[in-house]
Amino acid sequence: MINTATNVEVITLDLPSIAVDIAVSADGTRAYALGLQSAQIFVIDTVFNVRLQTITFDQIGGSIATPPAGHLAYVTFRDTNELVGIDTDAGIVTARIPVGNSPVDVVVTHDGAMAYVANAANTVSAVDLATRTVVTTIPVDAAPGAIAIAPDDGRVYVLASQDHLFVIDRATNSVVRTVDIPGTLSALAATPNGAFVYVANPTNNVVVVDPGAGSVTRTIGVGTYPAGIGFTPDGAFAYVGSAGVAADEGIISVINAQTQAVTATISYPAGTEVAPASVAVANIPP
């Protein structure tokens, strides 16, 4: 856990297994780390920096997202083609929603009404969270690997594993633009002001996309194999986690969103096995 005011690590928490994804609650007091090889969520108190309960499932989840209110989470289950709702305080499953084939990522709208699920079978499922049903299925031209949403909820950004970023207009639930980004693509995040989308473009770049113009405006060098991007709530900085090649080569690159340049690199002591796979940033109450 890193203090973004100082870019200094506050604490390292040991988890029972490797985490593949992380999300934070709307109030910033909880972080939810999704196990990579264990069917579990590890709940972390971000105020006191301690691990709380472990929530156990009947299968391994692939990605996790949180709504704008409450201690809730949504997890994709690839083996059963489901989006699963979880009450993270009670530690129980509250909903199981069938979605498309092989769901790989999920994002919840800022108003909490909908979830959009990226499915490896070249589709996106639009889920009404009140009725717990898929209201439409949106085709895309390549297998998605990640998904994000604009801060005004007007656009959904779907990242293919290779070469493409698809822009979906929520008014029509259809793809209105495809942005070509050559190479492997691993993660994305929309800037809080809605002007740009940052895309992790391994081996060692983040590309800045103007979604309105449909073009790449800048390429920023970061660590090797970037895998997660998170913006501070005020949009001033992006934090990019890169796994590196060796187990102890993981770093965090801090990008100034105004200059679109790396202003700090957070590394770990030699021999520390750190490979950031996901990044989440939150306002934590004092």
Work out, step by step, the length gained on full extension between Asp180 and Thr203: first 0.36 nm times the residue separation, then minus their alpha carbon distance; give nm to one decimal.
6.6 nm
Spacing of the two label points (7 Å from each Cα toward its C-beta) at Val10 and Asp79, in nm
3.5
Would region 27-85 count as rounded, prolate or oblate if I go by the C-alpha gyration tensor, calling it rounded below 1.5 in a/c and otherwise prolate when a/b exceeds b/c, oblate otherwise?
oblate
Rounded if a/c under 1.5, otherwise prolate or oblate - region 117-273, Cα gyration tensor axes
prolate
Test of understanding: what is the full-extension gain from Asp248 to Thr191, defined as 0.36 nm times their sequence separation minus their Cα-Cα distance?
17.6 nm
Please list, in chain and number order, the residues 5+ apart from Arg30 or on another chain whose amide H is under 5 Å from its amide H, with Hs placed from the backbone.
Ser25, Thr46
Set the Förster radius R0 to 45 Å, insert the Cβ-Cβ distance between Asp163 and Thr265 as r into 1/(1 + (r/R0)^6), and round the FRET efficiency to 0.05.
0.95
State the Cα centre-to-centre distance between region 128-195 and region 30-70 in whole Å.
24
Would you grab the residues whose amide H sits under 5 Å from the one on Gly145? Only those 5+ places off in sequence or on another chain, please, with H modelled 1.01 Å from N.
Leu159, Ala160, Ser161
Along region 66-78, Karplus-curve 3J(HN,Hα) (6.51, -1.76, 1.60; θ = phi - 60°) to the nearest Hz, with x for Gly and Pro, reads 10, x, x, 8, x, 9, 10, 8, 10, 10, 8, 10, 6
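Each reported figure results from applying straightforward, stated rules to the coordinates on display, with no laboratory input. This structure is a prediction, so every number in the text was calculated from the model and none was measured. Quick reminder, even Gly has a Cβ in these numbers, built from the backbone with ideal geometry, and neighbours come from all protein chains shown.
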